[in-house]
Structure formats: C-alpha cells, structure tokens
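**Q** Can you read through this structure? Questions will come right after.
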C-alpha cells in the first residue's frame, strides 16, 4: 500500500510550494496532479511577475515554475502526474485514477491545492467553435504554440483578460477589443496601458450580446449596459471576429474539500464557495489543508506563499520542522494583499478566519 | 473613478501628479526616467533596478515609486525591469529639434536601428514619425527589448511606443 506523511493534490504554484516546505521540514511528501505536466498555470505565464524581490518579482512565471520543480527534485519530492484524484476518505486515503486503474495513497495530512475553474458566460452563439475561456487560449498559444484565431474579442478586463490579450498580441493575433460589463477596467492600469499603446480598444459598460456564425464564429455583436448592467436598446454594434475569449472570473475547485467534510463559506470577493480555514490554511478537518485558489481566488504569488504556509503548518502538526518560518511568510502575504487591489482580498481573508473560529468554537 | 480606470491610459492631469514623473526643469537637464505607475499595486523591482538609488518605493511595497530627479541619469536600467512596462526614459534635448524616447518592447520582429517608424501615444493613436536610434537586448533585459526613437521634441511626453502594425504578422 502506498503511503506518504503528506499528500499534496495539485502540482501548481501552491501545491509545489507546499510540498517543498513540508519536505524541507523533513516530511515524506507525495504530490499528485491530473495533468501530464506539473506547474499548474505557471508555465503559461510568460510575463514578468509583480511583487517584491522576496516574491521573485520581475521574474517570468515559467521561470518561477522551473525553479520550483528544480527544488522539488533536489528535496526528493515525488511528483506523480496524470493522476486525477477521485476522493478522500476519513482515514486519510486519497483515491486516484491511473492508467492501470484506481489506486490509493494513505496520508497523515492532505494539502488540497486544486486551483480554480474558469467561469463561463452563456449567450447566443456561445456554443460555436471559436468561443473559449481566456485560459484555453493561453494554453493554445503559450503551451501548444497554436493561434486560436486571428481576430479575438476578449470579454472581461480583470488581470487575466488584460494579460492574455497582451499575450495574444505577442503571439501574432489581433485583439479587436476588450469589453467590460462594469463601468471601469477591473485589472491593473499598467496591463491595460500596454494594450492601449498597442492600439487595442477597451470598452467599459459593454458586453457581448451574441456570437454570429454558421459553423464557427464570424462576428460578434456587442451591446452597451446601463448602470444596472442591463442592455441598452439600440446600442448593438457588430465587429468582425473569429474568436471570443471569456475572462469572467474563476471559481475555486472545492469538490475534494467537500468530500473530506470541510465546512464551506461563500465569499464572492474570493470567487465563491471556499473551505473555511485558519491562518495556517488548516480546514475544519484537521487532516486537511488548502492553499492557492481553492482557498480563495487570488494570483500566483499569493498561491506560492499560501502553499509555503500550508506546507510548514502541515509538517508542524506532525511534529516536524519549526515555527520560525511562518512569520516571514505571513508578512509577505500581507504585503501582497495591501493597496487598492489587495485590501479587499485581505478583508475577505480575515472574514474567513473569523468564520472559522466561530465554526470551531 | 479615475480616467485611467475608464480608458486604460493616463491623462496629462494624472501624469502631472505622479511622484515618478520628472518636472519640466528636470527634463531640461538631460535624459531621465519617467515612471508612469499610478496605482497602489504590490510591486517594487524598479527600486532594486536603479544602481543610483533614484527610485524609491519604500517599506510599503504598494506605495507609488517616486523619482529623485537629481540622482537619475536616464540610463534606462529600470525600463526593462518594470513588470508593468510602465517606465520610459526621455532625453528631451537630444538635438536642437528632437528628443529621444525609450520604451520597453516585447513584440517580434524587433525594429531595426535607423528604421523610420510611425510613433504612437498612450492611446495607441499616431503622433509622428521617428527614427529608431537604438534597440537594446541582452540577457539582463530578459527578453524585454528597450527601443529608443528620435522624435520631434514637442512629442517627447506624448510618444510611448511605435505602431505595432508596421508589417508585423497578424497585426492591423
């Protein structure tokens, strides 16, 4: 029977960072991931990251991923790929699928770093080939080196929509426009400015009304929205486009946490339903920790720091390692959650901690 | 709501209030960095990038970078280091009639030295033609080229890129 002191599910930035810290503390760690390649979304991130020197700011995302994998190898962390986790049993058994059939792994602690799913929009023609999530387009251009189309409409102006639009330009596509239902751009102005300099229009208070085409997208009709986010009659405008990308938020992938009996809370500012957790990312099931987007949708730098915290704490709960490292990680997380964009997430995280305490009282 | 959050680019009033944008007087004293960073995002590589300590973010990494014009010599080391591609350098009095504007550039193919190029403003609209004087690449820049174009002096605080569409595959 397969055994590990700590099992990590998900080999993205949070999962790999958790595995690293747990291994550094002396734990025997196994990471499983359903994908054939490790790194989660990191290897698609060709842009330079924000943050401070401690967050590896200025380094491109894929290079951060390469560093994490290198460290995992040095520390002897076992990373098992191509294995979708199917369930978690109360005795710590993690069940997963392999080419040889269903297998299980017994772990004393489980760290869930499953990430998030991209949200979809439904509109007339949203089932046409050529309509996809922004993340799918990013996988095509940056992983498979295939252009999804020549003329792209991006729906959503959070950082995901802005960054992937820029990467589509770099890959040689034209981005005909970005539309944003809200009256203002959601993501960082510096990302939006790169697009505007490149001649890409960004339309606020506007959304896609329908995608037009027989067998594939041939055009899109946009519509203006009023302050109640309702379409304004007579404002339809048709643009020529062959691809529609949706960057309309992410939802944490909490299924395994639910199976493990973790209590949930609902926090729209962090993507929806999230397992309650304490400041060290321990859920209401003391065997189970969460880190990264499953613990609230943020970005890769916070996922890395949360992974570190969860890894340190899970090892500590087994009597391994020491407390010394936690404080510094907490401080770095606080820095990432400050300022006009981060403060709301910090507030939401504090709400989770308070609700956790109430739930455990 | 700020202008930049509505449009995606900074207007002149917003620029005038930024601690990273040099004064007219400083522009008259030779090449200088222009840090067009207007939001309190957690980011400070610009501070480390400057060997002369001319850019300060400080303890709070969400503070806006401020430029010490007296320390900056416009070397441009910060230009490729800014993850937001929001730092430029401007040498207003490059010649009697022209200025040299440098900006980060992450599209292929790279422009060539000596090439005549259409230059655009923050809104992507055409401003004037310019001559590419320098294209800096290299390992330290980590695939972000720094392109310098010579433009008529009056456009030195307007031009922030070249038209991506000059014969590039897939562009307009």
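Only the coordinates and a few stated rules stand behind these numbers; no lab work does. Source: prediction; values computed, not measured. Positions of Cβ are generated from backbone atoms using ideal geometry, with glycine treated the same way; all protein chains shown enter the neighbour counts.
**Q** With a ≥ b ≥ c the root eigenvalues of the C-alpha gyration tensor of the stretch A:215-307, is it rounded (a/c under 1.5), prolate (a/b larger than b/c) or oblate?
**A** On the way: a/c = 3.17, a/b = 2.54, b/c = 1.25.
It is prolate, given that a/c is not under 1.5 and a/b is the larger ratio.
**Q** Restricting the count to DSSP beta bridges whose residues both fall in the protein assembly as shown, what percent are antiparallel, rounded to a multiple of 5?
**A** Numbers: 59 of 94 bridges.
In the protein assembly as shown, approximately 65 percent of DSSP beta bridges are antiparallel ones.
**Q** Let me ask something else. Please figure out what share of the DSSP beta bridges in the stretch A:1-123 is antiparallel and state it in percent, rounded to the nearest 5.
**A** On the way: 10 of 25 bridges.
The antiparallel proportion sits near 40 percent.
**Q** Give me the one-decimal Kirkwood hydrodynamic radius in Å for the stretch A:120-246, with the sum taken over alpha-carbon pairs. Write down the numbers at each step before the final one.
**A** On the way: mean 1/r = 0.0699 Å⁻¹.
With all distinct Cα pairs of the stretch A:120-246 included, I get 14.3 Å.
**Q** Could you work out the percent of alpha carbon pairs in the stretch A:1-130 separated by over 19 Å, rounded to a whole number?
**A** Working: 4542 of 8385 pairs.
More than 19 Å apart: 54 percent of the Cα pairs in the stretch A:1-130.
**Q** Please list B:23-34, A:241-252 highest first by mean number of surrounding beta-carbon atoms within 10 Å per residue. Intermediate values should be presented prior to the final figure.
**A** Working: B:23-34: 17.2, A:241-252: 24.1.
Top of the packing list down: A:241-252, B:23-34.
**Q** Cβ neighbours within 10 Å, averaged per peptide: list B:55-63, A:221-229 in order, most packed at the top. Before the final figure, lay out each step's value.
**A** Values: B:55-63: 17.9, A:221-229: 14.3.
Packing order, densest peptide first, comes out as B:55-63, A:221-229.
**Q** Taking every residue in B:42-52, how many Cβ atoms of other protein chains lie within 10 Å of its Cβ, on average?
**A** Working: counts 16, 13, 8, 11, 2, 2, 4, 1, 0, 0, 0.
If you average over the peptide's residues, the count of other-chain Cβ atoms is 5.
**Q** Please express the shape of the protein assembly as shown as an equivalent ellipsoid: the semi-axes are the square roots of 5 times the eigenvalues of the C-alpha gyration tensor, given largest first in whole angstrom. Working shown, then result.
**A** Working: eigenvalues 343, 154, 88 Å².
Three semi-axes, in Å: 41, 28, 21.
**Q** Work out the mean other chain Cβ neighbour count within 10 Å for the residues of A:176-188 and drop it here as an integer.
**A** On the way: counts 1, 0, 1, 0, 2, 0, 1, 3, 7, 7, 1, 4, 8.
Shielding by partners across A:176-188 averages 3.
**Q** To the nearest 10 degrees, how steeply does helix A:339-360 sit against the main Cα axis of chain A, on a 0 to 90 scale?
**A** 40 degrees
**Q** Using mean Cβ contacts within 10 Å as the protection proxy, how do A:141-148, B:12-19 order, highest first? Each step should come with its number before you reach the end.
**A** On the way: A:141-148: 14.9, B:12-19: 13.0.
The packing order, highest mean first, is A:141-148, B:12-19.
**Q** Another question, then. So how tilted is helix A:159-171 from the main axis of chain A? Cα-based, degrees 0 to 90, rounded to 10.
**A** For A:159-171 against chain A, the angle is about 70 degrees.
**Q** Angle, helix A:13-24 long axis vs. longest principal axis of chain A, Cα atoms, 0 to 90°, nearest 10?
**A** For A:13-24 against chain A, the angle is about 20 degrees.
**Q** Running Debye on the stretch B:3-162 with equal point scatterers at the Cα sites and no solvent, what base-10 log of I(q)/I(0) appears at q = 0.09, 0.13, 0.17 Å⁻¹?
**A** -0.26, -0.57, -1.01
**Q** What's the average, rounded to a whole number, of partner chain beta-carbon atoms within 10 Å of each residue's beta-carbon in A:199-208?
**A** That works out to 3 on average.
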